[in-house]
Amino acid sequence: MHTNNNNNNNNNNNNKNKANHSDYERSRKAVNQTSISLPTHAHDERFVAQKRSFDAKRIIVKIGSSLLTNNGKGLDRTAIYEWASQIAKLHNQGSEVILVSSGAIAEGVVRMNLEERPKKLEGLQACAAIGQMGLIQTWSSALIQSGIQSAQILLTHDDLSNRGRYLNIGNTLEKLLSWRVLPVINENDTITVDEIKFGDNDTLGAMAAAMVGADLYIILTDQDGVFTDNPRTNPNAKMIYQERAMADYLFDIAGEGGKLGSGGMLTKIRAGRLAAMGGCPTVIANGSIEKVILKVVHGEAVGTLLKTNQADKIIARKQWLAAHLRMAGTLYIDAGAVAAITVQQKSLLPVGVVDIQGDFEEGDVVAVVDATTKERIAVGQVNFSSSEALRVARERTQNFDKILGQAEERVVMIHRDDMAILNK
């Protein structure tokens, strides 16, 4: 697969991408996968450019660092104003657009005349603080020229893994869109540390797509799309025009990130899978193509379309759960419950929970641990707060009304569709 600057990656970026690859590799193997092979026949429809049809009212557009900074020469204001013009046309036609913009660290590197991205955290965060000023100023000016008010939102992984903050952010985005204000989202690199980083804005955009129920996620990069191999070194490499987001081989043929960014095709494939969790298709396209955003939205065969369906939504959701960096709490379960959720693939009932640790709310993601072996066997989205869970643990469903003092419809601690079994 084609990836720019492959020979110039610094060790820090390589190590970070390998770590991200390893983490996601474990999470994707933790749930059932879709067995789809790499296309080889020239007439396979995945190689054929076909007209597409999107009913895209709400659109996420993510633009990468290499495009925004013209491969390290500073913010490409001409390109930014052109993308803003395309976004404005969609906006004026009634679409709701959320922009996810990389480039803060890369712009900071340029402003400080550094030869490459710093390797230490404090240097990266300082560059982000410097570059974010120029980045948001440029987008604000470009959008206001087309009559669009914009708003800056800086997020960390912690913001979206905490249910309370997740809901608040979602409400803020909904209010901004109702006011016809265009949100510009970026990761808050100045305060994040490795264990709470998204690591790339491709993932951040996908999580935003799931949060707001987006109809289409567009990732603009410096590549034409997903290829079967590196087209610069393999003349027989073919571009894949459409594929299911959950096809295993897409992840296997992904490459690494570039000199100024933290992503690569690997992160875009991963992002497409995360977007699939919300039923949102993803298009990975070359941001240098003329009117590329409009062409994608209008269904032209530009870039690679990662499609999704209901079955893929469930698989993607389980992967998202398995890849969670932080758990809000822990449920310890007995041997009967272990067998029920791992062998029989059933939901986790409160009667099988023997102990609870942590302070969590309904809807938070928690770890599920075998009380005997102390092994983490699953993660899932819990249906009770920690205080409620302590009261219903070891209890039968018919006792819930009396215990909680109200008519109770919740009968499972974690539903099987909201739970990812690990190390099966």
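Bear in mind that the values in this text are calculations on the coordinates, not laboratory data. Worth saying up front: this structure is predicted, and the values here are computed from it rather than measured. With ideal geometry, Cβ positions are generated from the backbone for all residues, glycine too; neighbour counts draw on all protein chains shown.
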Report task. Obtain the nm distance between the two label points defined at Arg394 and Ile289 by a simple spin-label model: each point lies 7 Å from its Cα along the Cα-to-C-beta direction. Result -> 6.1
**Report entry** Relative frequency of Cα-Cα separations exceeding 19 Å in segment 168-245, percent
**Finding:** 56
**Report entry** Under 20 Å from Lys295, Cα to Cα: aspartates and glutamates that are on another chain or at least 8 residues apart
**Finding:** Asp55, Glu82, Glu96, Asp215, Asp222, Asp224, Glu243
Query - Distance between segment 297-364 and segment 123-183 - C-alpha centres, whole angstrom - result: 28
Query raised in the report: Does segment 113-232 come out rounded, prolate or oblate by the C-alpha gyration tensor, with a ≥ b ≥ c the root eigenvalues, rounded set by a/c under 1.5 and, if not, prolate when a/b is larger than b/c and oblate if not?
Result: rounded
Query raised in the report: So for the pair Glu408, Asp252, with labels modelled 7 Å out along Cα→Cβ, what separation do we get in nm?
Result: 4.7
**Report entry** Semi-axis lengths, Å, segment 144-196, gyration tensor of Cα atoms, sqrt of 5 times eigenvalues
**Finding:** 24, 15, 5
Query raised in the report: Looking at segment 38-147, how many pairs of lysines come closer than 27 Å at the Cα, when each pair is eight or more places apart or spans two chains?
Result: 9
Requested in this report: For segment 166-235, state which chymotrypsin sites (Phe, Trp or Tyr not before Pro) are in a DSSP loop and have at most 11 other beta carbons lying within 10 Å of their beta carbon.
Outcome: Trp179
Report summary line: In whole percents, the bins of 5 Å from zero upward hold the Cα-Cα pairs of segment 375-424 as 4, 19, 28, 21, 14, 9, 4, 1
